[in-house]
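Here's the structure, in structure tokens; my notes come after.
The values are calculated or read from the model by the stated rules, or taken from the named source; none is laboratory data. What you see is a predicted model, and the numbers here were worked out from it, not measured in a lab. All Cβ positions, even for glycine, are placed from backbone atoms using ideal geometry, and neighbour counts span all protein chains on display. Calculation scope for accessible area: heavy atoms of the full protein, side chains included, ligands and nucleic acids excluded. Shrake-Rupley method; radii C 1.70, N 1.55, O 1.52, S 1.80 Å.
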Amino acid sequence: MALRHFVRTEVSQQGRTSWQLSTHEGAPVSAFNRFCEGLLDYPLATRKRYAEATARFFDYLVEAGVFGERAATAKRLNQVIEAYPRLLRDGSAGLAARIRARGPSSDDDWLLAVAEALKWKRLKSQSNTLAAVNRFLALSEMLAQEESERAASLGIQGTASPASLIKALDGHTELTPHEVARMRQATLLGGVAKYAGKGIRRE
């Protein structure tokens, strides 16, 4: 399935097939790339399935506005996480139909827009997809902690929470744009992992 916001590229790592993710502008998605590096001992079919599922999850997070200029609020992160299994289960058309059948609600406007933009087909089984995403979220917590510690070691103030770190990174001239982007991504993903609790569960 084609991605809306990213390009997934097949690469060779340690003589094995793997994948990397980048934006359309060519900026690497470090968290995804590191995730795939950690799968090299898995069978090829599993590596491929996990890479595809996680790339789609990234696409969803971007479409849902999680990676916007401001850190997503706790309420928004909860909404995004809770809605993901429903989008997988119903697909874009099915979820949009359900939302419209309930009548207009500003709480669902964002989800209707996301579903219509992504144009996903429904999944017959969510288990494999959510297993991949939950494994990725476990890594995300670790990466967010690493970036917070790195920011503190660089003397960047405001590393106590994801929102404060993201704000502190804005306009920080000692870091390259790629470094800032990587730190923002890891920090935001750490926030997503936090609100996913013990993982995203199937609907």
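Which of the numbered conditions does Gln79 fail, given that it passes all the others? Conditions: (1) modelled with pLDDT under 90; (2) open to solvent by 60 Å² or more (accessible area, probe 1.4 Å).
In the conditions (1) modelled with pLDDT under 90; (2) open to solvent by 60 Å² or more (accessible area, probe 1.4 Å), Gln79 misses (2) alone.
Here are the criteria: (1) over 17 Å from the mean Cα position of the chain (by Cα); (2) in contact (Cβ under 8 Å) with a residue 24 or more places away in the chain. Tell me which single one Leu88 does not satisfy.
Leu88 satisfies all of (1) over 17 Å from the mean Cα position of the chain (by Cα); (2) in contact (Cβ under 8 Å) with a residue 24 or more places away in the chain except (1).
Among residues belonging to the stretch 33-76 that are under 16 Å from Trp110 (Cβ atoms) and among the aromatic types (Phe, Trp, Tyr), point out the one that is modelled with the highest pLDDT.
Here the residue is Tyr60.
Hey, can you tell me all the residues within the stretch 35-49 that are touching a Ser or Thr at 6+ places or on another chain (Cβ under 9 Å), assigned to a helix (DSSP H, G or I) and open to solvent by less than 30 Å² (accessible area, probe 1.4 Å)?
Phe35, Cys36, Arg47
How many residues are open to solvent by 40 Å² or more (accessible area, probe 1.4 Å), farther than 21 Å from Leu3 by Cβ and part of a helix (DSSP H, G or I) if we restrict to the stretch 99-140?
8
Cβ contacts < 6 Å: first residue more than 15 Å from Ile81 (Cα to Cα), restricted to the stretch 123-142; second residue modelled with pLDDT of 85 or more and surrounded by 18 or more Cβ atoms within 10 Å (Cβ to Cβ), any location; separation 6+ or different chain. Result?
Pairs that qualify, where the first residue is more than 15 Å from Ile81 (Cα to Cα) and the partner is modelled with pLDDT of 85 or more and surrounded by 18 or more Cβ atoms within 10 Å (Cβ to Cβ), are Leu123/Leu88; Leu139/Phe35.
Can you give me the number of residues within the stretch 64-98 that are among the β-branched types (Val, Ile, Thr), within 17 Å of Arg4 (Cβ to Cβ) and not in a helix (DSSP H, G or I)?
Within the stretch 64-98, the first condition is being among the β-branched types (Val, Ile, Thr), and the residues that meet it are 66, 73, 80-81.
This time we only want the ones that are within 17 Å of Arg4 (Cβ to Cβ), so: 66, 80.
Checking the rest, the ones that are also not in a helix (DSSP H, G or I) come to 66.
Matching residues across the stretch 64-98 total 1.
So, in the stretch 1-19, of the ones that are open to solvent by less than 70 Å² (accessible area, probe 1.4 Å) and assigned to a strand (DSSP E or B), which residue ends up farthest from Val114 (Cα to Cα)? Walk me through it before giving the result.
Step one: list which residues in the stretch 1-19 are open to solvent by less than 70 Å² (accessible area, probe 1.4 Å), which gives 3, 5-7, 9, 11, 13, 17-19.
Those left that are additionally assigned to a strand (DSSP E or B): 6-7, 9, 11, 13, 17-19.
Details: Phe6: 16, Val7: 19, Thr9: 24, Val11: 30, Gln13: 34, Thr17: 31, Ser18: 28, Trp19: 25 Å.
Once the filter is applied, the top-ranked residue is Gln13.
Looking at the stretch 23-31, is at least one residue under 17 Å from the mean Cα position of the chain (by Cα), buried (at least 17 other Cβ atoms within 10 Å of the Cβ) and assigned to a helix (DSSP H, G or I)?
yes
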